[in-house]
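The structure under discussion appears below in the form of structure tokens.
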């Protein structure tokens with residue numbers, strides 16, 4: 001029985017802790033979706049308010065979240081908002097098909113080896129992490145509805161007013 | 001003898017647990033693949049479900065709504 005307990009504990013110990021408000025932004029980098037040679041480090045946005053969004057073509061609420069994020073990005077980009085979309089599609093063609101219907105102008109990165117998703121320990125799709133200018137995660141959104149969009153816009157405005 | 005059986009049971013349980021493959025929410029694209037569907041033709045599946053619901057006077061239980069994102 002002790003062996004069984006030990007094996008269960010061993011299996012559980014591999015699980016990373018999910019990123020929560022108050023945690024620092026995980027120091028990870030990923031390759032851009034359309035330019036695989038160009039790595040994008042999330043830490044390079046220090047000094048800006050950053051929203052890191054995990055999305056996929058098979059994720060139904062992402063059909064709501066991606067256009068909403070594009071609107072917010074266009075509205076607040078000049079004030080210091082950066083949005084990074086981390087794609088979780090297995091096939092690149094699926095992401096491309098989705099983007100033909102929902103075009104976005106913010107940077108998108110691929111995460112084929114799940115390194116970024118594991119660093120955040122993503123618990124749902126979509127998941128979004130709003131990070132302040134000092135690199136601290138302040139708000140986490142799991143799932144996305146119109147109410148989420150309204151709350152997120154208010155949170156972005158609060159963080160944009162804060163100093164670095 | 002009983003201790004030996006417990007060890008064997010523990011070893012078998014550990015082996016079986018190792019065979020499980022948890023699917024993280026961000027990996028559910030694999031489950032969304034067409035070849036992972038129980039019925040590959042969505043139209044046929046819907047027709048069968050409708051017929052079943054009419055004949056049995058009961059519906060539901062076949063699947064759940066949503067895209068498998070684990071967020072609802």
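Throughout, read-outs are computed from the coordinates displayed, never taken from laboratory work. Just so you know, these numbers come straight off a predicted model, no measurement behind them. Counting neighbours? That spans all protein chains shown, and the Cβs are built from the backbone with ideal geometry, glycine included.
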Region A:40-164 pair-distance distribution - Cα-Cα, 5 Å bins, rounded %: 2, 11, 24, 25, 21, 12, 4, 1, 0
- prompt: Can you give the mean number of other chain Cβ atoms that lie within 10 Å of the Cβ atoms in peptide B:20-26?
  reply: 6
message: With just the Cα atoms defining each centre, how far is region B:8-62 from region A:16-88? Give it in Å.
response: 31 Å
message: I'd like the orientation of helix A:62-76 relative to chain A: the angle between its Cα long axis and the longest Cα principal axis, in ° from 0 to 90, rounded to 10.
response: 50 degrees
task: Place the peptides A:90-101, A:109-120, B:24-35 in order of packing, highest mean first, counting for every residue the other Cβ atoms within 10 Å and averaging per peptide.
output: A:109-120, B:24-35, A:90-101
With Cα atoms, 0 to 90° folded angle of helix A:92-101 axis to chain A main axis: 30 degrees
- prompt: When you look at the Cβ of every residue in B:37-45, what mean number of other chain Cβ atoms sits within 10 Å?
  reply: 0
- request: Along each of the three principal axes of the Cα atoms of the protein assembly as shown, give the extent in whole Å, ordering the values from largest to smallest.
  value: 70, 52, 35
query: Of A:104, A:131, how do they rank once you tally other Cβ atoms within 10 Å and put the fewest first?
result: A:104, A:131
message: Within 10 Å of each Cβ in A:115-124, how many Cβ atoms from other chains are there, averaged over the peptide?
response: 3
query: Does anyone have the angle between helix A:2-13 and the longest principal axis of chain A? Alpha-carbon axes, 0 to 90°, nearest 10?
result: 10 degrees
field: Residue-averaged [θ]222 nm for chain A, counting only DSSP H segments that reach four residues, each worth -39500 (n - 2.57)
entry: -11000 deg cm²/dmol
query: Within the protein assembly as shown, what percent of beta bridges assigned by DSSP are antiparallel, to the nearest 5?
result: 60 percent
